[in-house]
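J.: To start, I am sharing the structure in question, which I have written as structure tokens.
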Amino acid sequence: MEKFNFFMPTKVVFGQDVVKQAGEDLVLGSKALIVTGRSSAKLSGALDDVLEVLTTPYVLFAEVENNPTVETVIRGGQLAREAGCDYVIAIGGGSPLDAAKVMAVLAVNDSYPLEFYKNGWKTPALPLVAIPTTAGTGSEVTQYAVLTIEEEETKKGLSGPDLFPKVAYLDPKYTSSLPLDVTIDTAVDALSHLVEGYLSGRATAASDLVALQGLALWGTTIRPLKTGDLDDSVRSALLLASSLGGITIAQTGTTLVHALGYPLTYFHDYPHGRANGVLMAEYLRYTHQVAPERVETVLELLELDSLDDFGDLMDQFFSQYLGELSLSSEQIQLYASRATLTRNIANSLGNPSVEQLTKILEASIMR
Ligand code: NAP
Ligand code: ZN
């Protein structure tokens, strides 16, 4: 009989105006560090809603860039420590959410963040409230935080049980201000979490339930994503699907798509979800050889007839950007061999070799 754990300690509150209705529940201490990107927290209306209900003093760190760096989290951690913050409110896409998680660790552990990758940290992170303004990463329900590491020329995930936010407030209206291209990029990140989670070597009966439900829900958004007709019900489905994706990868990890996608973001400035999207059709072709039934199930739930139809869908979203990716064969080799060093490859069905990864990457960008 199968044995598994299912750990997801974040309280999820979903729906219209959940932040405004949170009242005291939003308050997890006596002074908050509020962490945001440069504009989205304001633009989405989420910051104003938080400030309306917040009853404690706070300091604001509103400088998290896309794909946050070590330097940024150090600055935020320092601010939290100097200002005496004892909890964190993170508002934004995956970048501010992830950065806030590491700041919550640095606030109580005076160390250099790269140390955390080697030896972890001693004191548990400050409690954190997560309010996503993109529907993609699922960071509001994961124990992961991804940072850009200049020293290693890559992006790398930190993980720890105390990185799960205490509470996540999910209001789809905050995602309405997203432009169509970011909506698609982030939606495809959510799709990749659902697909990779379902096709992970660490998938369990419980994670499958979540992934399958999320895939069916994501499938309902395909047509509106293509037409750009994104009403409240579509925004709501995307946000829920992205959280289901987060809950899935919290159990299963991600696979080779994320491992090969990171260098496309680091070296070529490709947004995270777009990098995954460009790789996913070839990933499914490869995985179909080793787990055909699972891949067929993904296609059925998305109501797509074939792998080619899946490829056409990704092409519709992303082929316009492929011109920005002209990789030399040396670069392809380098990215594939570096990917083999990541944990994500061990999660991938079929135990892909560096040659197979090279083929997937080559076929993905030379279309
Ligand atoms: P993001 O980098 O957080 O944001 C992308 C852009 O969208 C930014 O310019 C941001 O503006 C803008 N934006 C965000 N919300 C908006 C809104 N409601 N209206 C208008 N603009 C908005 O994108 P993301 O895809 O959500 O996050 C990507 C990061 O998450 C990557 O670093 C990735 O590696 C990581 N990730 C983490 C996990 C996890 O489990 N922790 C999983 C997958 C990916 P601002 O400048 O204001 O921020
Ligand atoms: Zn992702």
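J.: Scan the stretch 236-262 for residues that are within 12 Å of the chain's Cα centre (by Cα), open to solvent by 10 Å² or more (accessible area, probe 1.4 Å) and more than 9 Å from ligand 1 (Cβ to nearest atom) and jot them down.
T.: The answer is LEU244, ILE247.
J.: Which condition does ALA216 not pass, out of (1) of a type outside the set (S, T, N, Q); (2) open to solvent by 20 Å² or more (accessible area, probe 1.4 Å); (3) assigned to a helix (DSSP H, G or I); (4) within 16 Å of ligand 2 (Cβ to nearest atom), if it passes all the others?
T.: (4)
J.: When you go through VAL146, VAL102, VAL141 one by one, which is the residue that is of a type outside the set (Gly, Ala, Ser), more than 16 Å from ligand 2 (Cβ to nearest atom) and closer than 28 Å to LYS42 by Cβ? Show your work before the answer.
T.: Details: VAL146 fails: more than 16 Å from ligand 2 (Cβ to nearest atom); VAL141 fails: more than 16 Å from ligand 2 (Cβ to nearest atom).
The match here is VAL102.
J.: For the stretch 269-293, what are the residues that are among the polar types (S, T, N, Q), out of contact with any His (no Cβ under 7 Å at 6 or more places or on another chain) and open to solvent by less than 10 Å² (accessible area, probe 1.4 Å)? Steps first, answer last, please.
T.: Keep residues of the stretch 269-293 that are among the polar types (S, T, N, Q), which gives 276, 287, 289.
Next, only the ones that are out of contact with any His (no Cβ under 7 Å at 6 or more places or on another chain) stay: 287, 289.
Across the stretch 269-293, the qualifying residue is only THR287.
J.: Pick from ALA336, ALA346: which is among the aliphatic types (A, V, I, L, M) and either touching a strand residue (DSSP E or B) at 6+ places or on another chain (Cβ under 6 Å) or buried (at least 20 other Cβ atoms within 10 Å of the Cβ) (or both)?
T.: After ruling out the rest, the residue left standing is ALA336.
J.: Could you grab me the full set of residues in the stretch 149-199 that are open to solvent by 10 Å² or more (accessible area, probe 1.4 Å), polar (S, T, N, Q) and either within 16 Å of ligand 2 (Cβ to nearest atom) or without any contact (Cβ under 8 Å) to a residue 40 or more places away in the chain (or both)?
T.: Residues satisfying the conditions are THR154, SER159, THR186.
J.: Would you be able to tell me the number of residues in the stretch 200-213 that are within 19 Å of GLU296 (Cβ to Cβ), open to solvent by 10 Å² or more (accessible area, probe 1.4 Å) and in a helix (DSSP H, G or I)?
T.: Residues flagged as within 19 Å of GLU296 (Cβ to Cβ), open to solvent by 10 Å² or more (accessible area, probe 1.4 Å) and in a helix (DSSP H, G or I) within the stretch 200-213 amount to 5.
J.: Which ones in the stretch 43-89 are small (Gly, Ala, Ser), more than 21 Å from the chain's Cα centre (by Cα) and within 13 Å of ligand 1 (Cβ to nearest atom)?
T.: Going residue by residue through the stretch 43-89, those that are small (Gly, Ala, Ser) are 44-46, 62, 76-77, 80, 83-84.
When the remaining residues are screened for being more than 21 Å from the chain's Cα centre (by Cα), the result is 45, 77, 80, 83-84.
The answer is GLY45, and nothing else.
The values are calculated or read from the model by the stated rules, or taken from the named source; none is laboratory data. This one's a predicted model, so the numbers in the text were calculated from it and none came from an experiment. Don't worry about glycine lacking a Cβ; one is built from the backbone with ideal geometry, like all the others, and counts go over all protein chains shown. The accessibility values were calculated without ligands, DNA or RNA, using every heavy atom of the protein model including side chains. Shrake-Rupley method; radii C 1.70, N 1.55, O 1.52, S 1.80 Å.
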